[in-house]
Amino acid sequence: MSQIFGEDGAVTPGTLLSFSPMTVTAIKSKEKDGYSAVQFGFGKRKESNLSKPVRGHLKGLGSFAVLMENRLEDISQMKRGDVVSGDIFEVGDSIAVSALSKGKGFQGVVKRHGFHGGPRSHGQKHSEREPGSISGGTREGGRVPKGMRMAGRMGGDRITVKGLKVLAIDKENSVIMISGAIPGRRGTLVELRSTN
């Protein structure tokens, strides 16, 4: 994360993202595939590390580390081999950002769900961070109901943050600055979608 100063002197926090061009690797149409979408290839990978079917699929385009599809209604302007870069965004654009959040491992209810824990006094011995009763007399009849907030694996979820803005674009160094914080760690693959 970093910050940027506006013309009025106000400081806005932002996140710097590096982008590299994406190549259109396949076009999915409603007639042939049942839905319309565009598949993009991103990043670099050794061709020897790709399976033979993927090598055949990418023939003539190179080898990519990531293949992902975006559903689009209008795919008439796109064709296989087209290159899309970060200059499709402009400063001030409203965007939505999706990425995998940081994995935090197995966590208790206080950290995972914000429980307050038990009282700290009056003979409570080891119950400061315990969940308390999980309501055994519910409709479920002695079983744990689905969706019960309990300890478990935390993080590693796909998170979407909406209403962010493009603050700056550096085309020479392939860097884009987005307002606020975004999910994930350094090196996370981030998806940007325009919401204008």
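The numbers here are math on the coordinates, done by the rules we state, and not lab data. Nothing here was measured: the structure is a model prediction, and the numbers come from that model. Cβ coordinates were reconstructed from backbone atoms using ideal geometry, including for glycine residues, and neighbour counts include every protein chain displayed.
Scan (1) more than 30 Å from Ser194 (Cα to Cα); (2) among the hydrophobic types (A, V, I, L, M, F, W, C); (3) surrounded by 13 or more Cβ atoms within 10 Å (Cβ to Cβ) for the single condition Ile169 breaks and write down its number.
The one condition Ile169 does not meet is (1).
Kindly provide the set of residues from the range 103-116 that are surrounded by 14 or more Cβ atoms within 10 Å (Cβ to Cβ) and within 22 Å of Ile182 (Cβ to Cβ), ordered by number.
Selection gives Gln107, Arg112.
Quick check on the range 140-155. Is at least one of its residues β-branched (Val, Ile, Thr) and in contact (Cβ under 8 Å) with a residue 60 or more places away in the chain?
No, the range 140-155 contains no residue that is β-branched (Val, Ile, Thr) and in contact (Cβ under 8 Å) with a residue 60 or more places away in the chain.
I need the strands (runs of 3 or more DSSP E) fully contained in the range 49-156, keeping only those with at least 2 residues that are within 30 Å of Val175 (Cβ to Cβ).
66-71, 94-100
Does Thr195 satisfy the criteria of being among the β-branched types (Val, Ile, Thr), surrounded by fewer than 12 Cβ atoms within 10 Å (Cβ to Cβ) and under 30 Å from Pro21 (Cα atoms)?
It is true that Thr195 is among the β-branched types (Val, Ile, Thr), surrounded by fewer than 12 Cβ atoms within 10 Å (Cβ to Cβ) and under 30 Å from Pro21 (Cα atoms).
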